[in-house]
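The values are calculated or read from the model by the stated rules, or taken from the named source; none is laboratory data. Because the structure is predicted, anything quoted here is derived from the model rather than measured. With ideal geometry, Cβ positions are generated from the backbone for all residues, glycine too; neighbour counts draw on all protein chains shown. Just so you know, the surface numbers come from the protein's heavy atoms only, side chains and all, with ligands and any DNA or RNA stripped out. Shrake-Rupley method; radii C 1.70, N 1.55, O 1.52, S 1.80 Å.
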Amino acid sequence: MDPFTSEGLPAVRFPQRAILALSLLAILLILSGPPSALSDQAEGACESAEDCFRAVVTQTPPANGSLGRMDRVQAVQLAVGRLKELQEQYAGSVWARRAGLLMGLLLSERDPAAALLYLRAAQRDFPVLEDYIRLWMADAWLKTGEAVRAAALFEYVPEAVPDTLLVNRVAYRGGEAWYKAEQCQPAMELLGRAIAGAPQDPSAPAALINLADCQLRDNRSAEGLASLRQVWVRYPQAPEAREASLRLARIAGEASWRPSPDDQFGRALSFLNLSLHEEAVEALQKFLTSSPTHPKRSEVRLKLGTALVRLKRYEQARQVFHDLASERLAESDEAAVWLARVYLRQGEGEKLLALPQSLPSLSLSNGQKAAIQMLGGLWLEDQSRYDQALARYRQVARNGEGNGQRTEALWRIGWIHYRTGHLAEARETFRELLAGQEDGQIAPQALYWLARTLDRQQDRQAAEIYLKLCRQYPFTYYCQLAQNRTPLPDLLPVSVAAAPSDQPISPVPAGGGPADAPPAPTEGRSEVLRDLHYQKAVELKLLGLDQEAAKELAWLIERYSKDRATLIDLSALLSEAGAYYHALRVARVHFRDSLEQGGDSVPWALWGIAYPTVYLPTIRVYAGGAVDPYLVAAIIREESQYDARAVSRVGAVGLMQVMPATAQAVAKKQGFVEVGRDELFDQETNIRVGVRYLDQLLQQFSGNVMQAVAAYNAGPQAVAGWIEKNGSKEPDEFVEMIPYQETRQYVKRVLRSYREYHRLGGSACAAGVLDKVC
């Protein structure tokens, strides 16, 4: 028999101090607790048990929030008082039982003995949450000092609930509990399993330290040293990395510990994966200095060069790539392509053109040759040497590797013809590009510029092409441009602002009873509503455990990836649970065509998922009247896809992907308190800094939205140079002439999202050109 079920659990024998704490808590709540919501509010303010419960959840701050310890204690005290009154007023209801479960969670930190009483009752009331309640009970036992009891309960969770998603979490917690109980054999087994199953878990560095301690106690010195080295190598940013280094040094004694070359290389890779490029460069250079004959030297040199590029230290990167490309090594050909990119970025066009001849030892693939040819063509085009550029592009169109390279080369050919006034040639090239082309990325672009070419030829067919573009791709950047070029019939559906708002998640009745049951599911949704992971997500969301709910829903996304209606429902639930990034990703991966091509099959809910507005209140606080909040929302959508923990490959951080150096400069100029890298993961801080920076750019570029958005991505200095060269061009042409492909595509995406936000908000963008605010 499972000794930890409600039926089999022995009578709880709390230590004397736990009984005293529970008694003091009861006295405190009765005599000196703050007034409860139910008794303090006017009659009718809390109209039902559900309303009262949801009010408590909404008003109780999370345990990992920004409140101080005393404020948190007071908030929990207030919430417990309200939940107790709810239990009394609505005794026997499912909401009263949920109140008991929530009290167990709230009390677990400061009164785990009392928490266990509530959790034990909840285990009977909410079998759907069996694995989570066991986890919470085990946490409470551990806090009471009952480490062995806690460890056994942690360890039993996967056996009790085989399909639980908590396998790695309980392994980490169970290993920690056995370690605290000074029982190293089961601790080592669980910690090793946890680290292997979830090496990126935040608990991994501390778990490895404990694992190493046990291994060393057990006279398994080699394994203990390996675990400590693993902390130093794989988690260089964690505080435990320094602790591991100190322990290794103490164990080495007078010999002093020195990392091996492989350890140094692994640590550098860890820094690169974290986009900590300064630290990565330092680690890679140490490796190269200390390991003159190591077989991975050429690989390390290539990674050093790419890290230097991310830091925009192009001169150093250029030297690294040149030296590597000059040798006959496996990485030489890839280094040559990187060298070509650096030459283009530095404006060293002649060296770029001569690159293949200057390095005769290279054995480039067709794809690598085409990439260098394209880069050379871009420089020639920028220098107005169009015939030479065309010759290179035509060669790529014939010999390029894959459809992508050939399509890009054909586009560049058509674009050169357009900008040089060879309109007949441009028209034929764009038609060739469209032949058999169903790619939703290139087809709208080719249609638009075909229509623009016909426009310049005063061909009436231009209007037909604009119309065709907007019928096939109504929600694209290029249809937005077309609508500003010619009057078109109303092809778009009514604004989603008229749609009803999303309904809250329907609760699952505790114990499967009929009370408070959700509406009867439609035939197509019945399976997912019966799924235990869905039911867990609903209950976790009701308890305010949004992250846990999101994980359960994310698992369901994979299972129901072929069911479009269910995917929309699940992504809506993800959004409600605060997992905006995951919800938006579902929309982009599974519904991209619908979101660009429209049609009656696009439900209202999908637009709200694809264009989140959750941060608009915060944005408005910091934007004031200076910055359009929808522009900020569009930048967040395209920069981070609403992932507050996002880190780009160049080290930009958070929702608005702010570089730490930029944050420092903005803070200094605006008079903020200094903002460090870690602070940029805070949503409000990131938005505040990002909005201020965007405001600076809009002022610098005289309110030109297109140029400010480009500067947000590429930097104001680069954009100033483009304006000097092409500032007289029409806005749509200016965007196509941005030399950085990443920035060119970024500007198109942000401007599209900006206008979509306005459309979905019920106020279509009034600006007729790209450079104006809506």
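Observations, loosely collected:
- When S275 is tested against (1) in contact with a Lys or Arg (Cβ under 7 Å, 6 or more places away or on another chain); (2) among the hydroxyl-bearing types (S, T, Y); (3) under 16 Å from L225 (Cα atoms), just one condition goes unmet, and that condition is (3).
- Test for R749: is it modelled with pLDDT of 95 or more and touching a helix residue (DSSP H, G or I) at 6+ places or on another chain (Cβ under 9 Å): yes
- Tally of residues being without any contact (Cβ under 8 Å) to a residue 60 or more places away in the chain and touching a helix residue (DSSP H, G or I) at 6+ places or on another chain (Cβ under 8 Å) across the stretch 85-106: 11
So that you can scan it fast, the table gives a plain yes or no per residue for (1) part of a helix (DSSP H, G or I); (2) more than 34 Å from the chain's Cα centre (by Cα); (3) within 24 Å of R301 (Cβ to Cβ):
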site: A317; (1), (2), (3): yes, no, yes
site: A336; (1), (2), (3): yes, no, yes
site: V342; (1), (2), (3): yes, no, yes
site: R345; (1), (2), (3): yes, no, yes
site: K369; (1), (2), (3): yes, yes, yes
site: G377; (1), (2), (3): yes, yes, no
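- Criterion violated by R431 - all others in (1) open to solvent by 60 Å² or more (accessible area, probe 1.4 Å); (2) under 36 Å from the mean Cα position of the chain (by Cα) satisfied: (2)
Matching residues to (1) touching a Phe, Trp or Tyr at 6+ places or on another chain (Cβ under 9 Å); (2) open to solvent by 20 Å² or more (accessible area, probe 1.4 Å); (3) at pLDDT 95 or above; (4) under 24 Å from D333 (Cβ atoms):
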residue	(1), (2), (3), (4)
L246	no, yes, no, no
G253	no, yes, no, no
W257	no, yes, no, no
P261	yes, yes, no, no
V281	yes, no, yes, yes
L288	no, yes, yes, yes
L308	yes, no, yes, yes
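- Identity of the residue in the stretch 734-746, open to solvent by less than 30 Å² (accessible area, probe 1.4 Å) and farther than 14 Å from A711 by Cβ, that ends up farthest from the chain's Cα centre (by Cα): M737
- Cross-chain or 6+ apart pairs with Cβ under 7 Å, the stretch 38-59 first and under 25 Å from L540 (Cα atoms), then modelled with pLDDT of 80 or more and open to solvent by 80 Å² or more (accessible area, probe 1.4 Å): L38/Q89
- Criterion: under 25 Å from V94 (Cα atoms) and open to solvent by 10 Å² or more (accessible area, probe 1.4 Å) - qualifying residue of G598, G624, G578, G608: G578
- Any chance K725 is more than 19 Å from Y642 (Cα to Cα) and assigned to a helix (DSSP H, G or I): yes
- Residue check, P158 surrounded by fewer than 24 Cβ atoms within 10 Å (Cβ to Cβ), assigned to a loop (DSSP other than H, G, I, E, B) and not β-branched (V, I, T): no
- Filtering the stretch 127-153 to residues that are open to solvent by less than 20 Å² (accessible area, probe 1.4 Å), in contact (Cβ under 8 Å) with a residue 40 or more places away in the chain and over 17 Å from L166 (Cα atoms) leaves only T144.
- If you go through the stretch 172-209 and pick out every residue that is closer than 14 Å to L142 by Cα, within 28 Å of the chain's Cα centre (by Cα) and among the charged types (D, E, K, R), you end up with 1.
- Condition broken by Y343, with the remaining ones in (1) touching an Asp or Glu at 6+ places or on another chain (Cβ under 6 Å); (2) surrounded by 22 or more Cβ atoms within 10 Å (Cβ to Cβ) satisfied: (1)
- Search result, residues across the stretch 349-368 that are modelled with pLDDT of 95 or more, touching a helix residue (DSSP H, G or I) at 6+ places or on another chain (Cβ under 8 Å) and open to solvent by 50 Å² or more (accessible area, probe 1.4 Å): K351
- Long-range neighbours under 6 Å by Cβ, at least six apart or interchain, first residue in contact (Cβ under 8 Å) with a residue 12 or more places away in the chain within the stretch 660-676, second open to solvent by 40 Å² or more (accessible area, probe 1.4 Å) and outside any helix (DSSP H, G or I): P660/R677; A667/E674
- Close Cβ contacts (under 7 Å, 6 or more residues apart or on different chains) running from residues in the stretch 263-287 that are among the acidic types (D, E) to residues that are open to solvent by less than 30 Å² (accessible area, probe 1.4 Å) and assigned to a helix (DSSP H, G or I) comprise D263/V233; E279/F271.
- In the condition set (1) in contact with a His (Cβ under 7 Å, 6 or more places away or on another chain); (2) assigned to a loop (DSSP other than H, G, I, E, B), T429 is compliant with all but (2).
- Per-region count, the stretch 181-200, residues buried (at least 16 other Cβ atoms within 10 Å of the Cβ) and more than 20 Å from A147 (Cα to Cα): 2
- Note on the stretch 717-733: among residues that are in contact with a helix residue (DSSP H, G or I) (Cβ under 6 Å, 6 or more places away or on another chain) and not aliphatic (A, V, I, L, M), the one that is surrounded by the most Cβ atoms within 10 Å (Cβ to Cβ) is D732.
- Residues in the stretch 756-772 that are farther than 20 Å from S640 by Cβ, charged (D, E, K, R) and either outside any loop (DSSP other than H, G, I, E, B) or touching a Cys at 6+ places or on another chain (Cβ under 8 Å) (or both): R759 alone.
- Filter pass, R385 being open to solvent by less than 30 Å² (accessible area, probe 1.4 Å) and of a type in the set (D, E, K, R): no
- Residue list for the stretch 660-691, restricted to those being among the hydrophobic types (A, V, I, L, M, F, W, C) and either part of a helix (DSSP H, G or I) or surrounded by fewer than 19 Cβ atoms within 10 Å (Cβ to Cβ) (or both): A661, A663, A665, V666, A667, F672, V673, L680, F681, I687, V689, V691
- Beta carbons closer than 7 Å, at least 6 apart along the sequence or on distinct chains, pair a first residue in the stretch 471-487 that is in contact (Cβ under 8 Å) with a residue 60 or more places away in the chain with a second that is part of a loop (DSSP other than H, G, I, E, B) and among the β-branched types (V, I, T) for N484/V769.
- Scan of the stretch 549-568 for residues that are buried (at least 20 other Cβ atoms within 10 Å of the Cβ), out of contact with any Leu (no Cβ under 7 Å at 6 or more places or on another chain) and in contact (Cβ under 8 Å) with a residue 40 or more places away in the chain, ordered by number: T566
- Qualifying positions in the stretch 317-340 - surrounded by fewer than 16 Cβ atoms within 10 Å (Cβ to Cβ) and either touching a Cys at 6+ places or on another chain (Cβ under 9 Å) or under 28 Å from A652 (Cα atoms) (or both): Q319
- Subset of the stretch 580-595 [more than 18 Å from R559 (Cα to Cα) and out of contact with any Pro (no Cβ under 7 Å at 6 or more places or on another chain)]: Y581, R592, D593, S594, L595
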